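Scroll down for the structure; my scribbles are underneath it.
The values are calculated or read from the model by the stated rules, or taken from the named source; none is laboratory data. Here the structure is a predicted model, which is why all the values come from computation and not from measurement. Because the Cβ atoms are built from the backbone with ideal geometry, glycine has one as well, and the counts that use them run over all protein chains shown. Each accessible area value is taken on the protein alone, full model and side chains, heavy atoms only, with ligands, DNA and RNA left out. Shrake-Rupley method; radii C 1.70, N 1.55, O 1.52, S 1.80 Å.
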Amino acid sequence: MYGRYFVLFAILFTGWFLRKINFIDEKMDHSINKLVVYFAYPCLIVHNIGALDLTPGVLADFGLTFVLSLVLFYLYGFFCKGYARVRKYPKDVSGIAEFAMSMPNNGFMGFPVALIFFGDRGLLLMLAHNAAMNFFIFTYGVKLLRDMKNDEHPPVTPKRILRAALKLLLNPNILALFIGFAFSLSGLGVPGVLDEYLLYIGNVSTPMAMIFIGSSLTRYRFRDIISSVTTIEGSVVKLLVLPLLTLAAVAFLPIDPLIRSILVLGISFPTAATVPMLAEQEGLDAGIASKILFLSTVASIGTVPLLIHIIQLVIM
């Protein structure tokens, strides 16, 4: 089990090394990101979901995972807000730190890990978890960041919820999910030649995603990061506190063990790169988010295999 996970991180450090020696530059880094997010992952999703036998039970499991994940994300947001208040984080970093603590990299890292350890059905349920996170980002998350710029707190209106739902539906991974559903529900699956094409393209997603993450880590100095108490606390909350609280909350729920496993695994990943990107788009200082992203990604080399082992002992 550990061998397969450490292979992923060997690829991650390959990306770090290639960026350090300038084999990969900023332009190439950006291109890798676009290739994986907008093309390789959607191909992988259509291939894997299109091959599934989508019974009513599987669809019900997807819906249940989405709903439970969404509820958990809002609970994470409230917990992190309370934690930031208790620790008296400065106003200029509080909202970003809260966001960084509650947002896992359940796409770039979650998809390949779920596929490796839990198969095609694990990938499907991780997609539900990712969809819930995206909905949370474009409702609670964006509001949290915008509230840092002004003291007025606009209410959550049906228009804002509709806008968040539309952004979610236009996400390339969600579009690919619907296409995969269509192929599966047709009873014919993905045609042979097309399926082989999707498999070839989709297979580059895991190594290229890990190379991109490794390359992005070269932007930060480890010495500066470990000197920040907020960064260390944020990483501990992200990698250990929230996953263990989730495990305690779902371990004995009367639902499929795989759903429970994905709910815990999904929050176990380091901070998503979406957080500093959105902070920058809102005109905020993304420094604390980038630091938590870096430290949590490095520390997850040890914490994620440990949590997978705990999941297999306690839930599976």
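Please tell me if residue 284 is open to solvent by less than 40 Å² (accessible area, probe 1.4 Å) and under 18 Å from residue 122 (Cα atoms). So residue 284 fails the test. Going by the structure shown, is residue 48 closer than 30 Å to residue 253 by Cα and assigned to a helix (DSSP H, G or I)? Judged against the criteria, residue 48 is a match.
Out of curiosity, is residue 261 farther than 16 Å from residue 110 by Cα and part of a helix (DSSP H, G or I)? In short, no.
Condition check for residue 144 on (1) at pLDDT 80 or above; (2) closer than 18 Å to residue 63 by Cα: one failure, at (2). Take the residues of the range 88-132 that are among the acidic types (Asp, Glu) and modelled with pLDDT under 90: which is most open to solvent (accessible area, probe 1.4 Å)? The extreme case among them is 92. The set of residues from the range 78-105 being part of a helix (DSSP H, G or I) and touching a Phe, Trp or Tyr at 6+ places or on another chain (Cβ under 7 Å) comprises 97, 102. Please go through the range 16-42 and pick out each residue that is closer than 27 Å to residue 131 by Cβ and either without any contact (Cβ under 8 Å) to a residue 40 or more places away in the chain or open to solvent by less than 10 Å² (accessible area, probe 1.4 Å) (or both). Listed by number, the residues that qualify are 29, 30, 31, 34, 36, 40, 41.
Going by what's in this entry, would residue 71 be described as touching a helix residue (DSSP H, G or I) at 6+ places or on another chain (Cβ under 9 Å) and modelled with pLDDT under 90? When the stated conditions are applied, residue 71 does not pass them. What do you reckon, is residue 100 farther than 23 Å from residue 162 by Cβ and in contact with a strand residue (DSSP E or B) (Cβ under 7 Å, 6 or more places away or on another chain)? Taking the combined requirement at face value, the residue satisfies it.
Have a look at 269, 294 and point out the one that is in a loop (DSSP other than H, G, I, E, B) and buried (at least 20 other Cβ atoms within 10 Å of the Cβ).
After applying the criteria, what remains is 269.
Can residue 59 be described as crowded, with 16+ Cβ neighbours inside 10 Å and either aliphatic (A, V, I, L, M) or without any contact (Cβ under 8 Å) to a residue 12 or more places away in the chain (or both)? The answer is no for residue 59.
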